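Asker: Pasting a structure here, questions to come.
The values are calculated or read from the model by the stated rules, or taken from the named source; none is laboratory data. Not measured: the values here are computed from a predicted model. We place every Cβ from the backbone using ideal geometry, glycine too, and count neighbours over all the protein chains shown. Note: areas computed on protein heavy atoms with side chains; ligands, DNA, RNA excluded. Shrake-Rupley method; radii C 1.70, N 1.55, O 1.52, S 1.80 Å.
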Amino acid sequence: MTPRRIAVGAFDLALALTLGAAARLAHVFWYRAFETSVAVDLAGSVAVGLVFGVGHVLVASGDRVFGPAERNVDSWVWRPRRTTAAFGIGFLLHVAVAPAFTPFGLEPGGVNAVLAAGGVAVGLWSLAVRRAAR
């Protein structure tokens, strides 16, 4: 292992952790801005899904987001099925733990922890997608 590979691995892991933090922060900021209701919880699920989808695109693309990409289909950053899957995971994860939809009765801290863990999991999956594309 070269120092460069170690640095790249650490950066990749930081990207996955950042997606988890972004999911948690999206949830915190959403509920600080709006009162809890079924409609707000549903819209919050959509917002968390969007964070997961955009996060997946950013993590899976890595350095290709900021640099020029080749013009063939395999180099495209936007993969609709995978991005939709990431959105769906975020949406369903929030719906599964939101008090308006489930009887679990998690406190906001518990919901934040679940969303952060789910975000890290999707981030690691996004890294695997990026590595498989190379």
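Asker: In the range 18-58, which residue that is among the polar types (S, T, N, Q) and part of a helix (DSSP H, G or I) is nearest to V97 (Cα to Cα)?
Answerer: S45
Asker: How many residues are among the hydroxyl-bearing types (S, T, Y) and surrounded by 15 or more Cβ atoms within 10 Å (Cβ to Cβ) when one looks only at the range 83-102?
Answerer: Within the range 83-102, the subset among the hydroxyl-bearing types (S, T, Y) is 83-84, 102.
After this cut, where a residue has to be surrounded by 15 or more Cβ atoms within 10 Å (Cβ to Cβ) as well, the list is 83.
Counting residues in the range 83-102 that are among the hydroxyl-bearing types (S, T, Y) and surrounded by 15 or more Cβ atoms within 10 Å (Cβ to Cβ) gives 1.
Asker: Can you find even one residue in the range 109-120 that is over 15 Å from F52 (Cβ atoms), open to solvent by 60 Å² or more (accessible area, probe 1.4 Å) and more than 17 Å from the chain's Cα centre (by Cα)?
Answerer: no
Asker: Checking M1 against (1) surrounded by fewer than 14 Cβ atoms within 10 Å (Cβ to Cβ); (2) assigned to a helix (DSSP H, G or I), only one condition comes out false. Which one?
Answerer: For M1, the exception is condition (2).
Asker: Spot the failing condition for L17; the list is (1) touching a residue at least 60 places away in the same chain (Cβ under 8 Å); (2) under 17 Å from the mean Cα position of the chain (by Cα); (3) surrounded by 18 or more Cβ atoms within 10 Å (Cβ to Cβ), and only one is missed.
Answerer: If we test L17 against (1) touching a residue at least 60 places away in the same chain (Cβ under 8 Å); (2) under 17 Å from the mean Cα position of the chain (by Cα); (3) surrounded by 18 or more Cβ atoms within 10 Å (Cβ to Cβ), just (3) comes out false.
Asker: Please go through the range 89-107 and pick out each residue that is assigned to a loop (DSSP other than H, G, I, E, B) and among the aliphatic types (A, V, I, L, M).
Answerer: The answer is A98, A100, L106.
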